[in-house]
Amino acid sequence: MDLKSLDKEAEAAALTEIRNMFQRSGQLEKIEQFRHRIQRKKNSDESLLKSALTQQLNSVGSGLQLLQSSLVMAKEVEEKMINMQDLIQAVPKLSNELEIVREENAKHSQYVTAMENLKHIFTVQSSVEKAMGWIEEDKLLLAHQCLSDLENSRDDLLFELHKLTKQNTHDKITLKCYFDKVDNVSTALQEKLRFIFKRLLNTVRKEPTIVVTALRIVEREEKADQFALQQQKLTGFLPPARPKEWRSMLFRTLNETVEERIEGSNIEKRDEKLWLVKDLEIMRQLILEDLKVIKTVCIPCFPPSYNILQEFVKMYHSAVAGFLEQLIQRGIEGNEYVSLLSWIINTYPGKELMLHPDLKIDLSQIENIKPIMKKETLKSLEGAYLKTMEKNYTDWMDKTVETEKGDWQSGMPDQDDQFFHTSSPVIIFQMIDQHLQVTNTISQDLTFDALVLSIQQVTLYGQKYRLAIIDFKERHFKDRSQVPFFTQHIITIVNNCQQIMELAQQIKQLYWPKTRTDHYEDFEKLIETFQALRDETASYLLEEAFLDLDIHFNELFTVKWIATSIAADTICVTLQDYFQDYNHLRVLNFEFVIKEAQKMVAKRYLKAMLSKKISKPKVECEVIVKKIIKEVKQIKHFFDKIAPNVLKNDSPFDVIIDLAQLLNCDVEMIILDLHTLLTNYPSISEDHLFRLFYIRNEIKSNDIKEKINDAFKSRKTTVSTHDKLGSAIFKEIVFEKLWPV
C-alpha cells in the first residue's frame with residue numbers, strides 16, 4: 001500500500017470539496033459551520049476505524065486459541081491411533097482363541113430356537129390335519145394362524161441353518177421334508193381364498209364376513225411377504241414359497257371372474273333377429289348390477305388402499321373391450337354396426353351404464369384407463385356402416401327406378417289433391433330420415449357423413465332416373481300408341497322432381513349443422529340435378545303438345561291464314577285440351593310449364609311470321625297487323641284464363657305486337673321505330689328485321705337494308721339498360737342469313 005499516493009489523493013479530494021463548498025461569496029460566513037461538520041465526520045470515521053481494528057484483533061486472538069486447542073487434540077488422536085494399531089495386531093490371535101466360543105454360541109442359538117418351536121416340531125402332523133380341518137369348516141382365521149405358526153417354526157430353523165458358516169445342505173433338505181406338508185396347507189388355504197374371491201359378488205351380499213376374513217388373511221400374508229423381502233436384503237435368507245403375493249392372486253382371480261361373467265352373458269345366436277342388441281343389453285344390465293353391488297357392499301369390506309371400485313371398473317372395461325374386439329373380428333353386418341357404435345359411444349359411458357345415477361362413474365377421471373375402442377377401429381366401423389348404407393341405397397334406388405319404369409307401362413298414376421304423384425320421393429326420404437335418426441343417436445359427425453352420403457346417392461338416383469325418362473320419351477315418340485298415359489306419367493315425374501327438391505330442403509333443415517360448410521356443393525348438386533331434370537321433363541310435355549300443333553303453326557302467315565282464323569283457334573283448343581292434364585301439375589310446376597308454353601307459342605308464332613311465306617303491300621299489311629293483334633290477344637286471353645297470375649307484367653307476346661306495328665308504319669318513321677325496337681329487344685338480329693319487312697313488299701330491299709344497317713350502327717353507340725322477356729326468343733329463332741352482316 002502506497003501511503004504517499006493516498007495522502008495526495010486525499011489532499012486533492014479535500015481541495016475539490018473546498019472549491020465546491022466556497023463557490024458563492026455568501027458561503028464564507030458559514031466557514032465555522034463547515035469546520036464543525038467536517039470535524040464531527042472525522043471523529044465519527046476515527047471511531048469506526050478503531051472499532052474495526054479492535055474486532056479484527058479480537059478475532060485473531062480467538063483464532064490463535066482455537067489453533068492451540070486443535071494442536072493438542074491432534075496429538076491425543078495420534079496417541080490413540082498408535083494404541084489401536086497395537087490392539088488390532090492382537091485380534092487375529094484372539095479370533096482363533098474364540099472359535100470354540102462361537103461354535104458353542106451357534107449351538108446354543110439353535111437349541112434355543114428348537115426349544116421355542118419344540119411344540120410345533122413335534123406336532124407338525126397334527127397341526128397340519130387340524131389346519132386342513134379348519135379350512136374345510138371355513139374357520140379360515142384359525143387355519144391361517146396354525147399355518148403361520150408352522151411356517152414361522154420352519155423359517156426360524158432354516159434361518160439358523162443359514163447363519164452357520166459351514167452350511168449343511170443335508171440338514172436343510174431334511175428340515176424342508178419334515179415341514180413338507182405345511183405347503184399343502186398353504187396351497188389349500190390359497191385355493192379356498194380363490195374360491196371365495198371367484199364368488200365374491202354373491203358372497204359379499206349374503207355373508208360379507210367371509211370376504212372380510214379372506215381379505216384379512218391376504219393382508220397378513222402381504223405383511224409377511226414384505227418382512228421376508230426385507231430380511232432377504234439384510235441377511236440374504238428368503239423363506240420357502242415367499243413372496244406368496246396373495247394380493248396379486250386376488251386381483252387375478254377377480255379379473256378372471258369378470259372376464260368369465262362378460263363372456264357368459266352373451267347368447268350370440270346370430271340366426272336370431274336383433275341378436276346383437278339383446279347381447280349388448282344383457283351385458284349392460286349385468287355390468288350395471290355388478291358395479292352397484294361393488295359400490296354399495298364391496299367398498300366397506302375392502303381396505304381403502306385397494307381402491308376396489310376403480311379396479312373393478314378397469315377389469316370390466318378391459319373385459320368389454322376384449323369382447324368387442326372379438327365380436328368385430330368375427331364380423332357384423334347391416335344395422336349391427338349402428339347397434340354396436342351406439343352402445344360404445346353413448347350407452348356404455350352414458351347415463352344408461354357408467355353415468356347411471358346409482359354409479360356416477362366418470363371414466364375420464366380413472367387413471368391408466370384406455371378407451372373402450374381405438375379411434376381407428378371406431379372410424380373403420382363407421383366406414384363399414386356407411387359402405388353398407390351406400391350398398392343399400394344403391395340396391396334400393398335401382399329397384400325404385402325399375403318400379404317407376406314398370407308404373408309407366410301401366411294405367412293412370414295415383415293422384416293426391418288433384419296432383420299426380422308416386423310414393424317414391426316420400427319413401428326415399430323416409431328411408432334417409434330413418435338412417436339419420438339412427439346415426440343421430442351415435443354422433444353428429446357420423447350423422448353428417450350419412451347425410452352427405454344420402455345426398456350423393458339421391459343425386460345418383462336422379463341421374464339414373466333421367467336415363468330411364470329419356471328412354472321412355474324416345475320410345476313413346478317412336479310410337480305414340482304404345483303408352484296411352486304418357487302425358488300423365490310425365491306430369492307425375494315432374495311433380496316427383498319438385499317433391500324431391502322440397503324434401504331435400506326439409507332434410508337439410510333438420511340435419512345439416514349450421515357450422516358446417518364442407519360438402520355443401522353436394523347438396524347444391526342434388527338441387528341442380530333435379531331442377532334440371534324437372535325442366536327437361538317438363539319440356540317433354542310441351543314437345544308432345546307441339547307435335548300436334550306443328551301443322552297449325554305451319555298454316556300461319558299463309559294466304560289461307562289471312563282469310564280464316566282456324567289455325568289460331570285450333571292452337572288454343574289443342575292447348576286447352578292438354579292443359580286439362582297440366583292441372584295435375586303441382587303449382588310451381590304448372591306455372592313453369594305455362595311460362596314455357598307461352599314462350600314456345602310466341603317463338604313458333606314469330607318464326608312463322610318471319611318465314612317469308614307471304615308478301616303484301618301496305619294496305620293489306622294493315623289487315624295482317626289487325627289479324628296478328630287479334631290472334632295475339634286471343635292467345636293471351638287464353639293463357640290469362642288458364643293461369644291469370646303467370647307473366648302478368650311481362651308477356652312474351654308483346655314482342656309480336658311490337659313487330660307487327662312496323663308492318664303499317666310510315667316509311668319515314670321506320671328508322672325511329674327501329675331504334676325503339678332495338679332498345680327494347682337487343683337480341684333481335686338484322687336478319688330477323690329483314691325477314692319481317694319481306695311481308696311488306698312496297699319497300700325495296702335495298703332501302704330497308706340500309707335503314708336496318710343504320711339502326712344497328714346507331715345502336716352501337718347506345719347502352720341498352722332494358723331487355724324484355726321476349727328478347728330472349730330471338731336467340732332461339734335462327735334462319736340462314738340473307739346477306740353477310
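Using 0.36 nm per residue, how much length does the chain from residue 581 to residue 326 gain when fully extended, once their Cα-Cα distance is taken away?
That works out to 85.6 nm of additional length.
Residues of the stretch 413-441 with the amide nitrogen closer than 11 Å to a label point 7 Å from the Cα of residue 405, along Cα-to-Cβ, please.
Flagged as within label range: none.
Provide the net charge surrounding residue 445, with neighbours chosen by a C-beta distance below 11 Å and charges set as Lys +1, Arg +1, Asp -1, Glu -1.
Spelling it out: positives minus negatives among the neighbours equals 0.
May I ask you to list, by number, the DSSP H helices of the chain whose Cα span along the axis is at least 30 Å and whose average Kyte-Doolittle hydropathy reaches -0.5 or more?
Span-like helices in the chain: 31-88, 140-163, 208-235, 308-330, 444-478, 486-511, 520-554, 587-609, 618-642.
Using the structure shown, list the pairs from 599/636; 627/707; 139/181; 612/705 with a Cα-Cα distance above 21 Å, or answer none.
Check vs 21 Å cut-off fails for 627/707.
If we count every other residue with Cβ under 12 angstrom of residue 530's Cβ, Lys/Arg +1 and Asp/Glu -1, where does the sum land?
So the environment of residue 530 carries a net charge of -2.
For an R0 of 60 angstrom, estimate the FRET efficiency from the Cβ-Cβ distance between residue 333 and residue 699 and round to the nearest 0.05.
FRET efficiency, residue 333 to residue 699: 0.15.
Between residue 274 and residue 505, what's the calculated FRET efficiency when r is the beta-carbon distance and R0 is 22 Å? Round to 0.05.
Rounded to the nearest 0.05, the efficiency is 0.05.
Less than 16 Å from a label point 7 Å out along the Cα-to-Cβ axis of residue 560: which backbone N atoms in the stretch 566-604 qualify, by residue?
Output list for this probe position: 566-571.
Averaging the inverse of every distinct alpha carbon separation and then flipping it gives the Kirkwood radius. What is it for the stretch 386-428, in angstrom units?
11.8 Å
Mind checking the dipole of the stretch 290-439: about its Cα centre, +1 per Lys or Arg Cβ, -1 per Asp or Glu Cβ, Debye to the nearest 20?
1000 debye
Over the chain, what lengths in whole Å, largest first, do the semi-axes of the equivalent ellipsoid take, defined as the square roots of 5 times the eigenvalues of the alpha-carbon gyration tensor?
Listed largest to smallest, the semi-axes of the chain are 108, 58, 20 Å.
Equivalent-ellipsoid semi-axes (√(5λ), Cα gyration tensor) for the stretch 373-511, whole Å, largest first?
35, 16, 10
When the accessible area of the chain is split by element with a 1.4 Å probe, what percent falls to carbon and sulfur?
The nonpolar share, carbon plus sulfur, comes to 53 percent.
Say each of residue 423 and residue 543 gets a label point 7 Å from the Cα, pointing the same way as Cα to Cβ; how far apart are those two points in nm?
Label-label distance for residue 423 and residue 543, simple model: 3.1 nm.
At residue 463 and residue 441, where each label point lies 7 Å from the Cα along Cα→Cβ, what is the point-to-point distance in nanometres?
Taking the two extended label points, one gets 3.4 nm.
For all pairs of alpha-carbon atoms in the stretch 478-569, what percent lies in each bin of width 5 Å, listed from the first bin to the last filled one?
2, 11, 15, 13, 11, 10, 10, 8, 6, 5, 4, 3, 1, 0
So, for the chain, what is the accessible surface per residue at a probe of 1.4 Å, expressed in square angstrom?
58 Å²
What residues qualify as long-range amide H neighbours of residue 696, i.e. H under 5 Å apart, gap of 5 or more or another chain, H built at 1.01 Å from N?
Long-range HN contacts for residue 696: 616.
Only helical DSSP H runs with n ≥ 4 go in: add -39500 (n - 2.57) per run for the chain, normalise by residue count and round the 222 nm mean residue ellipticity to 500 deg cm²/dmol.
-25000 deg cm²/dmol
So if each residue of separation counts as 0.36 nm, and I subtract the Cα-Cα distance between residue 387 and residue 292, what length gain in nm does that give?
Taking 0.36 nm per residue and subtracting the Cα distance, the gain is 30.3 nm.
So how much slack lies between residue 79 and residue 31, counting 0.36 nm per residue of separation and subtracting their Cα-Cα distance, in nm?
10.0 nm
Please work out, to two decimal places, the log10 of the ratio I(q)/I(0) at q = 0.15, 0.26 Å⁻¹ from a Debye calculation in which every Cα of the stretch 259-318 carries one identical scatterer.
Here log10 of I(q) over I(0) equals -0.52, -1.05.
I want the local charge near residue 459. Using Cβ-Cβ distances under 12 Å, sum +1 for each Lys or Arg and -1 for each Asp or Glu among the other residues.
Value of the local net charge: -1.
Considering only C-alpha atoms, what is the centroid distance from the stretch 512-562 to the stretch 428-470, in Å?
25 Å
Could you check the spin-label model distance between residue 664 and residue 93? Points 7 Å from the Cα along Cα→Cβ, value in nm.
Between residue 664 and residue 93, the label points sit 16.4 nm apart.
How do the peptides 331-337, 14-20 rank, highest first, by the average count of neighbouring beta carbon atoms within 10 Å per residue?
331-337, 14-20
Using the beta-carbon distance between residue 629 and residue 480 and R0 = 25 Å, what value does 1/(1 + (r/R0)^6) give for FRET efficiency, to the nearest 0.05?
Between residue 629 and residue 480 the formula returns 0.10.
Ranking request for peptides 698-707, 486-495: highest mean number of other beta-carbon atoms within 10 Å first, then the rest in descending order.
486-495, 698-707
The values are calculated or read from the model by the stated rules, or taken from the named source; none is laboratory data. Remember, predicted model here, so these are calculated numbers, not experimental data. Reconstructed Cβ throughout: ideal geometry from the backbone, glycine too, with neighbour counts over all protein chains shown. What goes into the accessible areas is simple: the full protein's heavy atoms, side chains included, and nothing from ligands, DNA or RNA. Shrake-Rupley method; radii C 1.70, N 1.55, O 1.52, S 1.80 Å.
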